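Worksheet: one structure, shown below.
The values are calculated or read from the model by the stated rules, or taken from the named source; none is laboratory data. Note that the structure is predicted; figures quoted are calculated from it, not measured. Here the Cβ is made from the backbone with ideal geometry for all residues, glycine too, and neighbour counts use every protein chain on show. With ligands, DNA and RNA removed, areas are computed over all heavy atoms of the protein, side chains included. Shrake-Rupley method; radii C 1.70, N 1.55, O 1.52, S 1.80 Å.
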Amino acid sequence: MANNIVVVGTQWGDEGKGKITDYLGQDADVVVRFQGGNNAGHTIVFDNKKYALHLIPSGIFHDKKINIMGNGMVINPIAFKEELEALIKQGVNASNLFVSDRAHITLPYHIELDKLQEELKKDNNVGTTFKGIGPTYTDKYSRIGIRVCDFINDDIFLEKLKFVIAWHNNIFKAYNKELFDATKLFKEMKEYQEYLKPYVTDTTKLLDDLKNNNKKILFEGAQGALLDIEQGTYPFVTSSTPTAAGVATGSGFGPNNIEKVLGIVKAYSTRVGSGMFVSEIDGDIAHYIREKGHEYGVTTGRARRIGWFDAVVINHTRRVSGLTDLSIMLLDVLSGLDEIKICTKYLLDGNEIDYFPALINDLERCQPVYEVLPGWQEDITQCTDFNDLPINAKNYINRIQELTGVQVSIISVGPDRKQTITRNNMW
Ligand code: IMP
């Protein structure tokens, strides 16, 4: 039994968190996003329709559920309006959506700074989504950011905007880029200010009241643990805290209140953008998995890099997120392969290691140590019970469980809500 569950990515994002948040959200009263911004792309499929969310929590499709965008998020008000308007047109009820007054605002100059930094980094670029995420968090930690509560207050917004634009214009000037005009941007933002205003509140108080009323709360992570600014493959990371630790700071929900942490794991691995990827593969099998799993970015459309399941990674993310359960996603994509590999250890300069190195140069030299398991040929997309799965699929799941020491409570065999096998009730 649990009254609150955290859902987090355990790899490099795109593990299928959207589907599971939506699935568990059916029994939740509240869904909370606590980090990131519209760099995220959560795909949700139900009633044969596909929806892509970037900023808005996945609970938005359930009428009457409360959706909270926490203080740890960075919110682009233009993207917020576009996304919400489109959802409302599709019949979504937004009256239960609440935005933290302490979240930070992403403005057009953040996007230009993001582009400029990537351009200057040349071959060492991060491969960001160009949504201005890094520069927004940089402003936040430099204490020159604009929060939602500032943004919706005309005088404060204009004053802060003047300062921060004068600051960033120094950079744009140095690199011969177009300069920003605070007064002009202030006027352009009017319509977005007005649009956002009705949703703004102190969400930490709201969340506390909901908890005290025994409401079921689901925390929806974006990205994945290896993109975490603290625990990921720095500097090839995002600028927020996608591990479960981010829930406490990013929503104001005390860490001692967290009951369960469900790690979302792809049955294989993918990564978009640059950076180390020890179990990466290419060739026919990578192509097979990419096409069958539709491994192209929801936000950017980029082809994702493909690799085998990596137990070294999942053990790292188990530790840093305190995972209590796993949900294995896209198991159906592996049907039809003769053999399936699991990376169990790394070989670093001739020595076997079972931890995930911090130093990028070490990671670059790591070779995967594989265990090979027999695959299965059957279509598993209609299986609704663990016992319906082919023996080799069951063995694969059991082996993941052994290698990580975390129980596999959910298995997903297709994009629809119905294509989900539950072994342990999460709530
Ligand atoms: P940023 O978050 O746009 O700054 O990008 C930093 C890194 O995180 C890049 O490698 C992106 O590809 C990656 N990234 C950001 N958001 C997502 C996501 O939702 N899924 C997968 N990768 C992401």
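Of the two radii for segment 43-152, the radius of gyration is 1.03 times the Kirkwood radius, both from the alpha carbons; that is the Rg over Rh value.
With the simple model of a label 7 Å out from the Cα in the direction of the Cβ, Glu194 to Glu85 spans 1.2 nm.
Segment 34-93 has equivalent-ellipsoid semi-axes of 19, 12, 12 Å, by the square roots of 5 times the alpha carbon gyration tensor eigenvalues, sorted largest first. Considering every alpha-carbon pair of segment 179-244, the percent of pairs per 10 Å bin, from zero through the bin containing the longest distance, is 17, 20, 29, 30, 3, 0. Based on the Kirkwood approach, the hydrodynamic radius assigned to the chain is 22.1 Å, with every pair of different Cα atoms included.
Taking only Cα atoms, what is the 0 to 90° angle, nearest 10, from helix 154-174's long axis to the longest principal axis of the chain? Helix 154-174 sits roughly 70 degrees off the main axis of the chain. Relative to the longest principal axis of the Cα atoms of the chain, the long axis of helix 133-142 lies at roughly 60 degrees.
Using a cutoff of 8 angstrom between alpha carbon atoms and counting only pairs six or more residues apart, the relative contact order for the chain works out to 21 percent.
If each residue of separation counts as 0.36 nm, what is the full-extension length gain between Glu159 and Asp282 once their alpha-carbon separation is subtracted? Please report the intermediate quantities before stating the final value.
Working: separation 123, 0.36 × 123 = 44.28 nm, distance 5.19 nm.
Full-extension gain reported as 39.1 nm.
Between the Cα long axis of helix 391-404 and the first principal axis of the chain there is an angle of about 60°, rounded to the nearest 10. With the charge dipole of the chain set up from +1 on Lys and Arg Cβ and -1 on Asp and Glu Cβ about the Cα centre, the Cα lying farthest toward the positive end among the listed residues Leu158, Ser251, Tyr396 is that of Leu158. Counting only lysines at least 8 places from Lys160 when in the same chain, those with an alpha carbon closer than 17 Å to its own are Lys140, Lys184, Lys187, Lys190.
Can you check what the Kirkwood hydrodynamic radius comes to for segment 105-194, Cα pairs only, in Å to one decimal?
Details: mean 1/r = 0.0737 Å⁻¹.
Its Kirkwood hydrodynamic radius stands at 13.6 Å.
Annotation: Asp332 carries an accessible surface of approximately 30 Å², with a 1.4 Å probe and no ligand, DNA or RNA atoms counted.
Once backbone amide H atoms are built at 1.01 Å from N, Val31 has Ile66, Asn67, Ile68, Leu218 as its partners under 5 Å, excluding neighbours fewer than 5 places away on the same chain. Evaluate Rg over Rh across segment 265-422, taking Cα atoms for both radii and Kirkwood's formula for Rh. Across segment 265-422, the Cα-based Rg/Rh ratio is 0.95. Seen from a random direction on average, the alpha-carbon convex hull of segment 336-427 projects onto 7.9 square nanometres. Close amide H pairs (under 5 Å, H built 1.01 Å from N) link Met73 with His104, residues at least 5 positions away or on another chain. Taking label positions 7 Å along the Cα-Cβ direction at both Asn213 and Glu378, the computed distance is 4.6 nm, reported to one decimal.
Pairs to check: Lys81/Lys211; Lys121/Lys162; Lys49/Lys418; Lys81/Lys115; Lys17/Lys260; Lys19/Lys216. Give those whose C-alpha atoms are more than 20 Å from each other in this structure. If you can, show how the numbers build up before the last one.
Working: Lys81/Lys211 29 Å; Lys121/Lys162 28 Å; Lys49/Lys418 13 Å; Lys81/Lys115 23 Å; Lys17/Lys260 15 Å; Lys19/Lys216 18 Å.
In this structure, Lys81/Lys211; Lys121/Lys162; Lys81/Lys115 lie more than 20 Å apart at Cα.
Please give the contour-minus-distance gain from Lys49 to Asn257: 0.36 nm per residue of separation, less the Cα-Cα distance, rounded to one decimal in nm. Result: 71.4 nm gained on full extension. In this simple spin-label approximation, Asp416 and Glu230 carry label points 7 Å from Cα along the Cα→Cβ vector, and these lie 4.1 nm apart.
On the beta carbon distance between Lys184 and Asp338, with R0 = 60 Å, the FRET formula returns roughly 0.45. Along its three principal directions, the equivalent ellipsoid of segment 3-72 from the Cα gyration tensor extends over semi-axes of 16, 15, 12 Å, largest first. Radius of gyration over Kirkwood radius for segment 243-329, both on Cα atoms: the Rg/Rh ratio is 1.04. In the complete set of protein chains, residue-level accessible area for Lys187 is approximately 150 Å², probe 1.4 angstrom.
Coordinate range of the alpha-carbon atoms in segment 134-271 per principal axis, descending: 47, 38, 23 Å. Tell me, rounded to the nearest percent, the portion of alpha carbon pairs in segment 2-42 spaced more than 14 Å apart. Within segment 2-42, distances greater than 14 Å cover 49 percent of Cα pairs. Computed from backbone phi, the HN-Hα couplings of segment 204-215 come to 5, 5, 4, 5, 5, 4, 5, 4, 5, 9, 6, 6 Hz, rounded to whole numbers (Karplus: 6.51 cos²θ - 1.76 cosθ + 1.60, θ = phi - 60°; Gly and Pro given as x).
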